[in-house]
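Notes follow once the structure below has been shown.
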Amino acid sequence: MIQTILYPEGGIEKLELDKLIRIVENNCTSSLGLRFAKKMQVTDNYNFIMMALFQVKEFKTLIELDESFPTDSYHDLSEQLLYLEIENSVLSEEQFFILMQFLKTIKSIHQYFKKRAGTYANLEGLLEGNDFNDIALNHIIRVINEEGKVKNGVSKELDKIRSEIRQTERALEKKFESILQAAQAGGWLAAGSESLKNGRRVLTLHAEHKRKIKGIIHDESASGKTVFLEPEQTIEISNDLFELRQEEKREIYRILKTLSDAIRPETHEIRFYQKIAGLYDFIRAKALLAQQLNAHMPDLKKNPVLSLINANHPLLLLHNQILKRKTIPLNISLNEEERILIISGPNAGGKSVALKSIGLIQVMLQCGMLVPVSPDSKMGVFSKICIEVGDHQSIENDLSTYSSHLSNLKEFLKVANATTLFLIDEFGTGTDPMFGGAIAEAVLEGLNQKKSFGVVTTHYSNLKLFASNSKGVINGSMLFDIDTMNPLYILKIGEAGSSHAFEIAKKIGLPSNIINKAKSKVDKSYQNFDALLSSMETDKHWLDVKQEKLDKSQKELDALTNSYSRLKNDIEKQKQQIITDAKQKALEGLEKVNKKFEKLLQDFNVKPEKKSMQSTIRKEIDQEKQELKAELKIEKEKTETIKKPVLELKVGATVKLDDGNQTGIVEEIRKDKALVAFNNMKTLVSTNELEVIELPKVKIEKRIKGIDYDAATKDFNPSLDLRGMRADEALAIVESQLDKAMILGMSSLRILHGKGDGILRRAIRELLKKYDIVKEVKSEHPDFGGEGITLVELK
């Protein structure tokens, strides 16, 4: 694994990646996983990053949707493996017991993936396609029981010794009990009656009665008032018992030596299992962090690119979760055409947080961690990451903050290339603004010429102008509410931001005469430039709000128009059906009259002079029938005509078959046939068999001074993760998401709320019932989350 070159040393601490690594370390359940966590480093190895991300993604899915993964006994077997590598060395019963528990866990892991073959391919791949080697485990299970002791039945000699031990213990118990009763009757016993000394059973006697019973005194109390005496009558039995126990130990040692020799050839396999247990523990620890952050795997690219959608600063997100605060996400896109972003705006407006968010998310990714961004985000791999954040004053090297700043910039210019990402906070500060701004602009120009990617924060107007006039560099601003004088913490790409210095000074109560005097000292052209930026921000924000309302109104109008057209069509169909039914009934009535008339003719002998009258009546009836049939045919044709689309069939229209419910999109019209895409299947259908549900959306260029409506549609994430939220907080997010979905014309939402007690699920579904745009609400398939996920289909 190639380590990414980071400049300067300590840059990772500036971005606070070390804090996230400590969280991963704390999530590990064993020292095996902890070793991998402590070795985490930023890398530019694309294949390694891709593999690591897939592994963590799979483990996160496993945690959220599957049965518990085996993590019971990730024991560190360093001591056992060391002994096994030494010829003739012998493991103890306890060491074998720990090894047995570990191997059982590894066997469970193999069985876990075997049961789910192919489901978690990257995690399963760590086993290298091998079945579990049960040789060592089977040897141990035959010898060691669940209490960690050598089993009975392993050898005849051991069984014989243990049988004799039990017999001797019973003899000792019987003899000792009789002596104990006699001593108790004589009142010779001290508190406790009996004890064990040096592994031998003794009586606790008052010192004055020690000669009442013959035996050996093993010890006495500190006060000398109590003695511990082994009765003479039990000494020989205790000696026999001691000898038998020694024989048992020797036999157990022999058995354990044989067992150690049997599993010694499997040492290499056991060492491999130690490695994969550590990896699973480490990957699980990263997956737990990803779960906390609602992190995802972005679309990983080999080439440098940075397109973050709904990105959150990981540590800020965790902090706000504790405080039950909302974290405002960040959206940014850097590519070969727009590689460098200059962020400006007021102090405390979120510039530095935005820069650190971008940096921390990038190094997280290149450490193999999932990142708190939308899965639709695109992220590339950088071979060099240059970080200039915070105060770098060095007393040891006699460097001021600005000198240290310049030293780092010199190094950046030296190493930068097209695969470099540089992050510079408060670019150019620390010296005279005129000279600092000029040096900053020159350095920025040099980095731009090297085709490097970067994010810079600044207050300097010359850098804002440089971004406006330079290819590959773009402005961005942190939005500020000029009415409330509060930052919005929203990054807007494409425009420079005002520092709002005078406005902020006024808000905090600086005397107006001081502010006016300060204004008089600022160059008019600069003051006009900053005022223009401020005015543009205000106008832009106002236009955004108006555009959002306009889009919402247009959407509602379109929905009403469509609803009215369908209603009118339904009424016409019903009216025509009523007429058709009436004429059908009239025809049927005439048929009945005709049948009765014919029957009457058959029943009576009709005179010849009446036959002409019969003929005339028949003709009249036949004529009436024909007229009714003709009218009925016309009415049916009218009804059929109404059933045809009242909307014109066009490419892009949403249609359905007359005899079905599935909808599709018209891709091409060929005379009387249309090529329709139903989901992933395309088919050629007669236009007469199609009913137009919705005309193609007319693509309107909804762009207001740099705001792209299509980009908003692209940025929309139809998936919500509301786990751990309070009901009121979650419902507010769902309402907001529904509004956005309606404005953008989205067809579905996916809401992850977890199972739990079902309170949050019920609250969300009750809310969804109130929305007319909601067509259907159902649970996800059991294999993919079941009742823990709500799927919403929109009209």
Item to check | Set LYS302, LYS275, LYS324: member being on the phi > 0 side of the Ramachandran plot and surrounded by fewer than 20 Cβ atoms within 10 Å (Cβ to Cβ) | outcome: LYS324
Checklist outcome for this item: Inside the range 162-199, the number of residues satisfying the requirement of being in contact (Cβ under 8 Å) with a residue 40 or more places away in the chain and surrounded by 12 or more Cβ atoms within 10 Å (Cβ to Cβ) is 10
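Table: residues versus (1) open to solvent by 60 Å² or more (accessible area, probe 1.4 Å); (2) in contact (Cβ under 8 Å) with a residue 60 or more places away in the chain; (3) in a helix (DSSP H, G or I).
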position	(1), (2), (3)
GLU124	no, no, yes
ASN130	yes, no, no
ALA136	no, yes, yes
GLY148	no, no, no
LYS160	yes, no, yes
Checklist entry - Mind checking whether some residue in the range 213-235 is outside any loop (DSSP other than H, G, I, E, B), in contact with a Cys (Cβ under 6 Å, 6 or more places away or on another chain) and not small (Gly, Ala, Ser)? => result no
Checklist outcome for this item: Here, helices (runs of 4 or more DSSP H) confined to the range 1-51 with at least 3 residues that are at pLDDT 95 or above and under 20 Å from PRO314 (Cα atoms) are 17-27
Checklist entry - Looking at LEU259, LEU289, which one is assigned to a helix (DSSP H, G or I), within 24 Å of SER68 (Cα to Cα), open to solvent by less than 20 Å² (accessible area, probe 1.4 Å) and of a type outside the set (Phe, Trp, Tyr)? => result LEU289
Next on the checklist: Considering only the range 510-527, I want to know if a residue exists there that is at pLDDT 65 or above, outside any helix (DSSP H, G or I), touching a helix residue (DSSP H, G or I) at 6+ places or on another chain (Cβ under 7 Å) and of a type in the set (A, V, I, L, M).
Outcome noted: no
Next on the checklist: Quick check on my filter: what residues within the range 738-794 are more than 17 Å from ASP721 (Cα to Cα) and hydrophobic (A, V, I, L, M, F, W, C)?
Outcome noted: MET742, ILE743, LEU744, MET746, ILE773, VAL774, LEU794
Next on the checklist: Take the residues in the range 767-793 that are touching a Leu at 6+ places or on another chain (Cβ under 9 Å) and assigned to a helix (DSSP H, G or I); name whichever of them is nearest to GLU729 (Cα to Cα).
Outcome noted: LEU767
Checklist entry - For the range 432-461, what are the residues that are farther than 19 Å from GLY494 by Cβ, surrounded by fewer than 23 Cβ atoms within 10 Å (Cβ to Cβ), at pLDDT 85 or above and not small (Gly, Ala, Ser)? => result ILE439, GLU441, VAL443, GLU445, GLN449, LYS450, LYS451
Item to check | Exclusive hit being out of contact with any helix residue (DSSP H, G or I) (no Cβ under 7 Å at 6 or more places or on another chain) and closer than 30 Å to MET379 by Cα, set PHE102, PHE36, PHE54, PHE48 | outcome: PHE48
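To keep it simple, each residue is scored yes or no on (1) buried (at least 18 other Cβ atoms within 10 Å of the Cβ); (2) farther than 30 Å from GLY785 by Cα; (3) among the charged types (D, E, K, R).
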{"site": "THR43", "(1), (2), (3)": "yes, yes, no"}
{"site": "GLN55", "(1), (2), (3)": "yes, no, no"}
{"site": "PHE59", "(1), (2), (3)": "yes, no, no"}
{"site": "ILE63", "(1), (2), (3)": "no, no, no"}
{"site": "SER68", "(1), (2), (3)": "no, no, no"}
{"site": "ASP72", "(1), (2), (3)": "no, no, yes"}
{"site": "HIS75", "(1), (2), (3)": "yes, yes, no"}
{"site": "GLU79", "(1), (2), (3)": "no, yes, yes"}
{"site": "ILE86", "(1), (2), (3)": "no, yes, no"}
Checklist entry - Can you name the residue in the range 775-790 that is surrounded by 16 or more Cβ atoms within 10 Å (Cβ to Cβ) and not β-branched (Val, Ile, Thr) and is also nearest to LEU65 (Cα to Cα) among such residues? => result GLY785
Item to check | Among the candidates ASP772, ASP739, ASP757, residue that is under 20 Å from PRO329 (Cα atoms) and either free of Cβ contacts under 8 Å to residues at least 40 places away in the same chain or surrounded by fewer than 17 Cβ atoms within 10 Å (Cβ to Cβ) (or both) | outcome: ASP739
Checklist entry - Do the conditions hold for THR429, that is, is it in contact with a helix residue (DSSP H, G or I) (Cβ under 8 Å, 6 or more places away or on another chain) and open to solvent by 50 Å² or more (accessible area, probe 1.4 Å)? => result yes
Checklist outcome for this item: Expected single match for out of contact with any Pro (no Cβ under 8 Å at 6 or more places or on another chain), touching a residue at least 12 places away in the same chain (Cβ under 8 Å), of a type in the set (D, E, K, R) and under 30 Å from CYS28 (Cβ atoms) among ASP240, ASP281 is ASP281
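The values are calculated or read from the model by the stated rules, or taken from the named source; none is laboratory data. All values reported here derive from a predicted model rather than from experimental measurement. In this analysis, Cβ positions are derived from the backbone assuming ideal geometry, glycine residues included, and neighbour counts consider all displayed protein chains. When the accessible area is computed, the model is the full protein with side chains, heavy atoms only, and any ligands, DNA or RNA have been set aside. Shrake-Rupley method; radii C 1.70, N 1.55, O 1.52, S 1.80 Å.
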